[in-house]
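The next block holds one structure in the form of structure tokens; read it before the comments.
Each value in this text was obtained by applying a stated rule to the coordinates, not by laboratory testing. Everything quoted here is computed from the prediction, not taken from an experiment. For neighbour counting, all protein chains shown are included, and Cβ atoms are generated from backbone atoms with ideal geometry for every residue, glycine included.
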Amino acid sequence: MAGTDPRAFDEIDFEADDTDVPGGPEPVAHDDATIGPPSLIVDDLHIRYRIIGSGKRQAVTDGPAPGRVRRLLNRGGQHVGTTEVHAVRGVSFVAHHGESIGIVGRNGAGKSTLLRAIAGLIPPSQGTVYVRGTSSLLGVNAALMGQLSGERNIMLGGLALGLTPDQVRARFEEIVEFAGIGDFVYMPMKAYSSGMAARLRFAISTAAIPDVLMIDEALATGDAEFRARSSAKIREVKEHAGTVFLVSHSNKAITQMCDRAVWIEKGVLVMDGPSDEVVAAYAKSLKR
Ligand SMILES: Nc1ncnc2c1ncn2[C@@H]1O[C@H](COP(=O)(O)OP(=O)(O)OP(=O)(O)O)[C@@H](O)[C@H]1O
């Protein structure tokens, strides 16, 4: 059955390795003795987006003329066309505790979609994602409520990330300071600027140390602080034997921060291995 089902993970043979996934890539050789058992299994994952609308461009001369209205009415019963985007096509791999994995690929390759599916934000159209423990997509997971104050949202967001109320209270000052929202924290969030809301969401999501952390640079708040905070978070998660995924267009960031990388092209996993080797092959393909 398609779906992200954390409970089902308990039933999995954790002695499984990369070769156990049918159709999966070649196993990755790890010299690193700190790599632990599997933390996440992606098995034949497909994600399809359905877009309502024909996708056809209307001619500029097409206006709301009576003839056109009549033609529309005369369509009687016809559905507006839907277009399907098959963004992730049968991706399979196994990630382990203590690994940091970069995801590389051209624009529109499916990197963010893959990450969102792993985070459980998009249901698989086919295939399964098994995650052991908590997972968090940095800056996105906290679903905040506009009518509640920042203070209440910090508590809700922290609880959603698996923190206890005492842990949230202990980190409250740090979150407010990092978000830079001052006394606005006591105001309803609908009174915040979009930048303030984004910073608070990001600050909440960095408060917990998840077992699987996902960072998408496309979601970066655009500043150097995001990078610094991301690197610090990656180190923290790895120290706690967690797994980190990083989507970045910076090959340097991938090789510096990740030991392993997967290369996605048109939704298909084309290479999985040590980050320097994958990045080199990907960079070569861009020159072709
Ligand atoms: N919400 C959506 N609805 C419909 N199509 C989408 C949606 N999100 C992404 N897509 C499409 O899915 C494909 C993969 O997009 P995705 O954002 O995952 O790629 P990406 O590799 O992260 O790209 P980039 O590097 O440009 O951020 C693209 O064709 C994109 O247009």
Karplus-derived HN-Hα couplings along region 145-157 (A = 6.51, B = -1.76, C = 1.60, θ = phi - 60°), whole Hz, x at Gly and Pro
10, x, 7, 9, 6, x, 4, 5, 5, 5, 5, 4, x
In a solvent-free Debye calculation with one equal scatterer on each Cα, what is log10 I(q)/I(0) for region 150-205 at q = 0.24, 0.28 Å⁻¹, listed in the order of the q values?
-0.88, -1.17
Relative contact order of region 150-205, please, whole-number percent, based on alpha carbon pairs below 8 angstrom and at least 6 residues apart.
44
Any lysines with Cα under 24 Å of the LYS233 Cα? List them, leaving off those in the same chain fewer than 8 positions away.
LYS111, LYS252
With θ set to phi - 60° and the Karplus curve 6.51 cos²θ - 1.76 cosθ + 1.60, what are the ³J(HN,Hα) couplings of region 174-184 in order, to the nearest whole Hz, using x for Gly and Pro?
4, 5, 5, 5, 5, 6, x, 9, x, 6, 4
Could you size up the charge dipole of region 150-205 around its Cα centre, putting +1 on the beta carbon of Lys and Arg and -1 on that of Asp and Glu, and report it in debye to the nearest 20?
240
MET187: net charge of surrounding residues, Cβ under 15 Å, Lys/Arg +1, Asp/Glu -1, itself excluded?
+1
Indicate the gyration tensor shape class of region 80-119 (rounded, prolate or oblate), computed on the Cα atoms with a ≥ b ≥ c the square roots of the eigenvalues: a/c under 1.5 is rounded; otherwise a/b larger than b/c is prolate and the rest oblate.
prolate
Order of 84-90, 235-241, 132-138 by packing, highest average Cβ count within 10 Å first?
132-138, 84-90, 235-241
